[in-house]
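Worksheet: the structure to be examined is printed underneath.
The values are calculated or read from the model by the stated rules, or taken from the named source; none is laboratory data. Given the structure is predicted, the values throughout are model-derived calculations rather than measurements. Here the Cβ positions follow ideal geometry from the backbone for every residue, glycine too, while neighbour counts run over all protein chains shown. Just the protein is used for accessible areas: all its heavy atoms, side chains included, with ligands, DNA and RNA removed. Shrake-Rupley method; radii C 1.70, N 1.55, O 1.52, S 1.80 Å.
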Amino acid sequence: MKIFIKNGHLIDPTRKIDEICDILIEDGKIKELQRLKARGKGQANSSEPRTQNPEQEIIDASGMIVMPGLVDMHVHLREPGFEYKETIKTGTEAAVRGGITSVCCMPNTNPVNDNPGITEFILRKAIQEGSCTIFPIGAITKGQKGEELAELGMMYDAGCVAFSDDGRPVMDSLLMRRALEYSRIRKALIISHAEDMSLAAGGVMNEGLLSITLGLKGIPAQAEEVMISRDIALAELTGGRLHIAHVSTAGSVELLRTAKKRGVAEITAETCPHYFSITEEAVVGYNGNAKVNPPLRRKKDVDAIRDGLQDGTIDAIATDHAPHHKDEKSGEFDNAPSGISGLETSLGLSMRLVDDRILTLSQLVEKMSAAPARILGIADKKGAIRAGADADIVIIDTNKEYTVSGADFRSKGRNTPFEGWTLKAQPAVTIAKGRIYRWE
Ligand SMILES: [Zn+2]
């Protein structure tokens, strides 16, 4: 099966392409790319002879932006164990709706993905029911208990691309050291959920004046920063490959900036759309949908996150898509689980960074596609539109606006603090796993 995308404005930072191109796809791979300039003025459009081929699907992308499918390195798909919140099927449907064609799924399922059997189960289900590609992330420690290293080597061989106890920090520094030593040998990434549990204990929102006013127990910014400091020190000690998940504070950005300047090992970091879009004020009214971990911070933190994205301190944008059931989120704020259903609003929220001149469109594609693919070691297949790569593509109308409505989500999780927001750049077409998804 051939797919021909014509006259789209292709943005691919990996090859510094920012121009009108035609793209030919064959059997799920990029076959050929033709730049308009190379085609020459007045010459017949190279699509003409192909339009008569019934075996070929033609997509007219005139006036639209075409970019490599987004790679989301931080997603909770909930299966196995919490299928009432999300499944591999619904989660990947939500991903392609959001322009995301590769997702990394975190291991905090039930059972935990801490052995090759679970990794294989996820990969099998992904092939059968997944709308996009899934790259599993294995747990660092058995049962995410932080006591004993999991079977990292066997999980890596089974298909895990990274390891994390996400949702829980690895509090034991020696264990974290061992994990980072392993990462250096096998080139497997260690993703840190940076949170000092004793400092954060019992907290449900950012610690400060607002938490006192609302009578809610706070989590200080330092709970994140203390842990990032430790992990940078351990990366320095081991030379391991450390990636910091969901950076949320100004202090964290500064720590990473300094470490990167010093040239400490291979440190990378991600943030999520909610940390550069809203502040702790979203919690006012005890809005459970604004409860996340790490918590939403202050304006100065949001500004620092934006600066960190702009100057390259923060490499990637990931969603930390964490779907929950409506009943869980609508109860008492203290008891509500943390998380935002983020796959379907990520691109639109991130596009605001382009409107605010924080990032160029090309830099945005870098943060959401090329960089995560590179960090995960999958850049040979994902995150670029080049001959031989997987045909993961998103086509968007950057001018069309839409209103966020949780009720319209493909995800089972409707938990969003962005209900009613007007966003731009919802994908018109996503191509993933050789299939074309079109929306009006
Ligand atoms: Zn997470």
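Inter-label distance, LYS261 to LYS187: 3.2 nm, where each label sits 7 Å from its Cα along the C-beta direction.
For the range 277-420, a simple Cβ point-charge model (Lys and Arg +1, Asp and Glu -1, everything else neutral) yields a dipole of about 180 debye relative to the Cα centre.
Descending by average beta-carbon neighbour count within 10 Å, the peptides 142-148, 115-121, 349-355, 7-13 line up as 7-13, 349-355, 115-121, 142-148, the highest first.
Between 0 and 90 degrees, the angle of helix 88-97 with respect to the longest Cα principal axis of the chain falls at about 60 degrees.
Residue-normalised convex hull volume from the C-alpha trace of the range 78-228: 132 Å³ per residue.
Toward the positive end of the charge dipole of the range 156-292, with +1 on the Cβ of Lys and Arg and -1 on the Cβ of Asp and Glu, the farthest Cα among ALA269, ASN206, LEU237 is that of LEU237. If you run the Gaussian network model on the chain, springs between alpha carbon atoms under 10 Å, then out of GLU32, GLU344, GLU93 the most flexible one is GLU32.
When all alpha-carbon pairs of the chain are counted, what percent fall beyond 42 Å? Percent of Cα pairs beyond 42 Å in the chain: 11.
When peptides 102-110, 412-420 are sorted by average Cβ neighbour count within 10 Å, with the highest value leading, the order is 102-110, 412-420. Considering only alpha-carbon pairs that sit under 8 angstrom and 6 or more positions apart, the relative contact order computed for the chain is 19 percent. Packing-based ranking of 21-28, 161-168 yields 161-168, 21-28, ordered from highest to lowest mean Cβ neighbour count within 10 Å. Neighbours of ASN115, meaning other residues whose beta-carbon lies under 11 angstrom from its beta-carbon, give a summed charge of -2 when Lys and Arg score +1 and Asp and Glu score -1. Here the dipole of the range 173-305 is about 440 debye; that uses its Cα centre as origin and unit charges on the Cβ of Lys and Arg (positive) and Asp and Glu (negative). Each Cα pair under 8 Å and six or more residues apart adds its separation to the average, and for the range 311-436 the resulting relative contact order is 28 percent. For GLY143, neighbours were defined as the other residues whose beta-carbon sits under 15 Å from its Cβ, and their charges (Lys and Arg +1, Asp and Glu -1) total -4.
Probing with 1.4 Å while keeping every protein chain in the model, the per residue accessible area of the range 326-440 equals 41 Å².
Can you pull the percent of the chain's accessible area that's carbon plus sulfur, 1.4 Å probe, other chains left in place?
50 percent
The charge dipole of the chain, taken about its Cα centre with unit charges on the Cβ of Lys, Arg, Asp and Glu (plus for the first two, minus for the last two), comes to roughly 980 debye.
Ordering ILE305, PRO295, GLY331 by the projection of their Cα atoms onto the charge dipole of the range 254-360, which places +1 on the Cβ of Lys and Arg and -1 on the Cβ of Asp and Glu, puts ILE305 at the extreme positive end. Solvent exposure of the range 117-255, expressed per residue, is 38 Å² of accessible area, with all protein chains present and a 1.4 angstrom probe.
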